[in-house]
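Here is the structure we will look at, set down as structure tokens.
The values are calculated or read from the model by the stated rules, or taken from the named source; none is laboratory data. Predicted model, so just to flag it, every value in this text is computed and none were measured. We place every Cβ from the backbone using ideal geometry, glycine too, and count neighbours over all the protein chains shown. Calculation scope for accessible area: heavy atoms of the full protein, side chains included, ligands and nucleic acids excluded. Shrake-Rupley method; radii C 1.70, N 1.55, O 1.52, S 1.80 Å.
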Amino acid sequence: MAGALGVGGDLTRWSEAELVEAATYVEQYKALRTTIQTGEQYRLGSPADGAHAVQYVARDRAESVVLQWRAGPADRAQAPRLRLRGLDPHAGYRVEDDGGRLPAGTVRSGAALVAHGIPAELPPRARVSPVLALRRAG
């Protein structure tokens, strides 16, 4: 989803469950693509610290999307936090979609998300890349 959504593989060989899962990702991307394609982009963390992500912020700062992926060993004692950027410090942002780090519906101030960030821990599965969608509350 980082820029454009690509689906690889021979779809005629996918199971019904795989097709349904892919369809949910396509719908999720359609809901977020304007921010991803036209928003400001920020790189968060680094592969060296195991917390690598890219953040997109809509031009009006009403929406932000964070895409994170594993960039190091899954057995780190403590993962760093991802400090978000480009948000309105005076606005509250509601979690619309998340990889489990913040409960859906949670509201955090832009100032807190920039200063304190979000947990960068990822589940221990080998391939995991959660999407965090935030929308200005109110």
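The rows are residues; the columns are (1) at pLDDT below 75; (2) surrounded by fewer than 14 Cβ atoms within 10 Å (Cβ to Cβ).
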| site | (1), (2) |
| --- | --- |
| ASP97 | yes, no |
| GLY100 | yes, yes |
| GLY105 | no, yes |
| SER109 | no, no |
| ALA112 | no, no |
| ALA115 | no, yes |
| ILE118 | no, no |
| ALA126 | yes, yes |
| ALA133 | no, no |
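I need a count of the residues in the stretch 6-36 that are within 18 Å of the chain's Cα centre (by Cα) and either closer than 25 Å to PRO119 by Cα or among the hydroxyl-bearing types (Ser, Thr, Tyr) (or both).
The total comes to 10.
So, ARG83, is that one in contact with a strand residue (DSSP E or B) (Cβ under 9 Å, 6 or more places away or on another chain), modelled with pLDDT under 95 and under 19 Å from ASP60 (Cβ atoms) or not? Give the steps one after another, and end with the answer.
Values: in contact with a strand residue (DSSP E or B) (Cβ under 9 Å, 6 or more places away or on another chain): yes; modelled with pLDDT under 95: yes; under 19 Å from ASP60 (Cβ atoms): no.
Considered against the rule, which asks whether it is in contact with a strand residue (DSSP E or B) (Cβ under 9 Å, 6 or more places away or on another chain), modelled with pLDDT under 95 and under 19 Å from ASP60 (Cβ atoms), ARG83 comes out as no.
Would you tally the residues in the stretch 3-47 being surrounded by 11 or more Cβ atoms within 10 Å (Cβ to Cβ) and at positive phi?
Total satisfying the criteria: 2.
Take the residues in the stretch 48-72 that are modelled with pLDDT under 85 and over 13 Å from the mean Cα position of the chain (by Cα), then tell me which one is least open to solvent (accessible area, probe 1.4 Å).
This residue is GLY50.
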